[in-house]
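Taking it in order: structure first as structure tokens, then the write-up.
The values are calculated or read from the model by the stated rules, or taken from the named source; none is laboratory data. In this text the structure is predicted, and so the values were computed from the model without any measurement. Don't worry about glycine lacking a Cβ; one is built from the backbone with ideal geometry, like all the others, and counts go over all protein chains shown.
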Amino acid sequence: MDFSEILEDIQQTTSEEINFPPPSYMEDEDFQVKFSATLRSVMKSIRLKDTQLAIINSFYLGQLLDQLSTPSERLKYKHKMSLHYATIVEKTFDIFEFFPEQILRTKKLDVQVIRKITRPQIRRLRNNLLIFAGAAN
């Protein structure tokens, strides 16, 4: 899947209302419990080849890591997962940070494609998604 196909896929529109699923944890749980539950959900959805759920769970795990206050805390938790999963989670969150509901509009994107996207491409996708979603609203 080349960059233009990825960009086209994340800019899909629909007239249907999007109901983004909640995370696999309760908000009042401590961070370690949230992290563990979400990591299990990421691994299971990838193993079951549930493409959109894998991206959604990766987004939530990336969001959790982003909430940590220091880089050393983020690194501590990133070391609790394989480099493969850490890369997927970080890149997924970086792309969809401001518009996670776009995940549900994608048709072709999967976590393996996201893992292979370069940092400059992620910046371009974020910028294009900001412009696209802003214009759609």
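Checked against the criterion of being surrounded by 13 or more Cβ atoms within 10 Å (Cβ to Cβ) and modelled with pLDDT under 95, the candidates Thr87, Thr106, Thr92 yield just one match: Thr106. Listed by first and then second residue, the pairs with beta-carbon distance under 8 Å, at least 6 apart or on different chains, first residue in segment 71-87 and in contact (Cβ under 8 Å) with a residue 24 or more places away in the chain, second of a type in the set (Phe, Trp, Tyr), are Tyr77/Phe35; Lys80/Phe35. Collect the residues in segment 21-56 that are free of Cβ contacts under 8 Å to residues at least 60 places away in the same chain and closer than 12 Å to Asp110 by Cα, keeping them in residue-number order. Within segment 21-56, Ser45, Lys49, Asp50, Gln52, Leu53, Ala54, Ile55, Ile56 qualify.
Each row is one residue, and each column tells you yes or no for (1) of a type outside the set (Phe, Trp, Tyr); (2) over 22 Å from Arg126 (Cβ atoms); (3) touching a helix residue (DSSP H, G or I) at 6+ places or on another chain (Cβ under 6 Å).
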site: Arg47; (1), (2), (3): yes, yes, no
site: Glu73; (1), (2), (3): yes, yes, no
site: Lys76; (1), (2), (3): yes, yes, no
site: Ser82; (1), (2), (3): yes, yes, no
site: Tyr85; (1), (2), (3): no, no, no
site: Val89; (1), (2), (3): yes, no, yes
site: Glu97; (1), (2), (3): yes, no, no
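I'd like to know if segment 61-78 contains one or more residues that are surrounded by 15 or more Cβ atoms within 10 Å (Cβ to Cβ), polar (S, T, N, Q) and within 23 Å of Thr118 (Cβ to Cβ). Yes. Checked against the criteria, Ile131 counts as among the hydrophobic types (A, V, I, L, M, F, W, C), in a helix (DSSP H, G or I), surrounded by fewer than 19 Cβ atoms within 10 Å (Cβ to Cβ) and without any contact (Cβ under 8 Å) to a residue 12 or more places away in the chain.
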